[in-house]
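Here's the structure, in structure tokens; my notes come after.
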Amino acid sequence: MRVLTGVLAAIFLGLGIGSSHAVMRIADDRGGRIGTYVDKYQALRSSGETVVIDGLCASACTIVLGAVPHDKICVTSRASLGFHAAWDPGAGGRPVTNTEATHMLYEMYPVSIRRWIRKRGGLTPHMIFLRGQQLMSMYRPCYLDARASASATR
């Protein structure tokens, strides 16, 4: 255990990540209730942690883009952002688009993300994905994916 702790400490020091530079890794987050994510990311914003998007971040998870400062977010080659309209359960549990919540969600995003969504027809019931070079042109890449792999997912 001591050897593993020492190795991780060396990796973090080599990457310039000290105790004041905590990292939160998002790897397989399919979203959920908007309010839960707003609360979660407001606390994250206050903490000053860096967010490493290292896999799927879909639906309400994408609120991180508007809640956390742009310079505190990086993306790995595995990052994939999924966007769709907000919805409420309707008759028989079928999703019904919530126009007001969709507008609120859309307004939370940075201008570059809103522009990208708008060019694809806006937020609709169908998921659209931002990934690869297009995503890496909007957010700084996490140059060493080891940084994300060594961090714990929350």
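Only the coordinates and a few stated rules stand behind these numbers; no lab work does. Everything quoted here is computed from the prediction, not taken from an experiment. FYI the Cβ positions are ideal-geometry reconstructions off the backbone, even for glycines, and counts take in every protein chain you see.
Quick notes on this structure:
- Of Pro89, Pro69, all but one fail to be touching a residue at least 12 places away in the same chain (Cβ under 8 Å) and surrounded by fewer than 20 Cβ atoms within 10 Å (Cβ to Cβ); the exception is Pro69.
- When the stretch 35-56 is filtered for residues that are surrounded by 18 or more Cβ atoms within 10 Å (Cβ to Cβ), hydrophobic (A, V, I, L, M, F, W, C) and more than 10 Å from the chain's Cα centre (by Cα), only Leu44 remains.
- Among (1) farther than 26 Å from Ala22 by Cβ; (2) touching a residue at least 60 places away in the same chain (Cβ under 8 Å) - the single one Arg120 does not satisfy: (2)
- Restricted to the stretch 49-152, the set of strands (runs of 3 or more DSSP E) holding at least 2 residues that are aliphatic (A, V, I, L, M) and touching an Asp or Glu at 6+ places or on another chain (Cβ under 8 Å) comprises 50-58.
- Counted residues, the stretch 98-134 - those being crowded, with 16+ Cβ neighbours inside 10 Å, more than 25 Å from Ser77 (Cβ to Cβ) and hydroxyl-bearing (Ser, Thr, Tyr): 2
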